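Data first, discussion second: the structure below is written as structure tokens.
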Amino acid sequence: MILPVYLYGNPILRKVAEDITADYLELSKLVENMFETMYNAEGVGLAAPQIGLGIRVVVIDLDIISDDIPELKGFKKTFINPHILEKSGEEVSQEEGCLSLPGIHESVKRSSRIRLQYMDENFILHDEVFEGYKARVIQHEFDHLDGKMFIDHTSPIRKQLIKSKLNNIVSGKVNCSYRTKSVRK
Ligand code: NI
């Protein structure tokens, strides 16, 4: 089922999400819906707060862009209760976008290497290192679990320049090909 994507301005996107337990009701259905919602919006990652749920669940599929970046082949994952343990490597700048911020693209500096602990959809614990673009997308999605968005990493000048676009998103004045939920409609 395709769910509406919560846009910038919805308070849920600014809350710290909580860990879930293995008995969370219909988790596999939720994960399936999150993937479907993400594919429909042509995104590569989606965090539960973006569909209005304050829980630590993230889905990412980079296989869909692996024609351009072969190292991403087969990377399709569900992260339950993820926590970043370590950030290392050099900081790299690259442009990002977000399904909750349609029409906005900004350069964001992030660590090129991260170590994290998470559970998969079967609640099996993993401790893994990710690098490069995988590390970038993971950090972007995990930010959502801590009530952060990628625009928080941009300079005050950039923030000023995108202010009117942000106001439009809050007012629901967006042109999206996917279902959305703005705070004022
Ligand atoms: Ni995002």
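The values are calculated or read from the model by the stated rules, or taken from the named source; none is laboratory data. What you are looking at is a predicted structure, and each value in this text was computed from that prediction instead of being measured. FYI the Cβ positions are ideal-geometry reconstructions off the backbone, even for glycines, and counts take in every protein chain you see. Quick note on the areas: whole protein, heavy atoms, side chains included, nothing else; ligands and nucleic acids left out. Shrake-Rupley method; radii C 1.70, N 1.55, O 1.52, S 1.80 Å.
See the values below:
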item	result
Separation in nanometres of the label points that stand 7 Å from Cα toward Cβ, at ASN40 and VAL174	1.4 nm
Cα-based shape type of the stretch 52-115, given that a ≥ b ≥ c are square roots of the gyration tensor eigenvalues and the cut on a/c is 1.5	rounded
Estimated 222 nm signal from helices in the chain, with DSSP H stretches of n ≥ 4 weighted -39500 (n - 2.57), rounded to 500	-7000 deg cm²/dmol
Table column - 3J(HN,Hα) (Hz), the stretch 161-172, Karplus curve with 6.51, -1.76, 1.60, x for Gly and Pro	5, 9, 3, 5, 5, 5, 4, 5, 5, 4, 7, x
Per-residue HN-Hα couplings for the stretch 116-126 [Karplus 6.51, -1.76, 1.60; θ = phi - 60°; Hz; x = Gly/Pro]	9, 10, 7, 10, 7, 5, 9, 6, 8, 7, 10
Overall form of the stretch 1-45 per C-alpha gyration tensor (a/c, 1.5; a/b vs b/c)	oblate
Percent carbon-and-sulfur accessible area, the stretch 43-88, ignoring ligands, DNA and RNA, probe 1.4 Å	49 percent
Relative contact order for the stretch 35-134, counting Cα pairs under 8 Å that sit 6 or more residues apart, in percent	20 percent
With every protein chain in place, the stretch 96-185: carbon and sulfur % of accessible area (1.4 Å)	48 percent
Anisotropy class of the stretch 107-185 from Cα gyration tensor, a/c 1.5 cut	oblate
Average accessible surface area per residue within the chain, 1.4 Å rolling probe, Å²	51 Å²
Order by protection proxy (mean Cβ within 10 Å, highest first), peptides 113-120, 158-165	113-120, 158-165
Cα-Cα P(r), the stretch 10-85, percent of pairs per 5 Å interval	3, 15, 24, 23, 19, 11, 5, 1
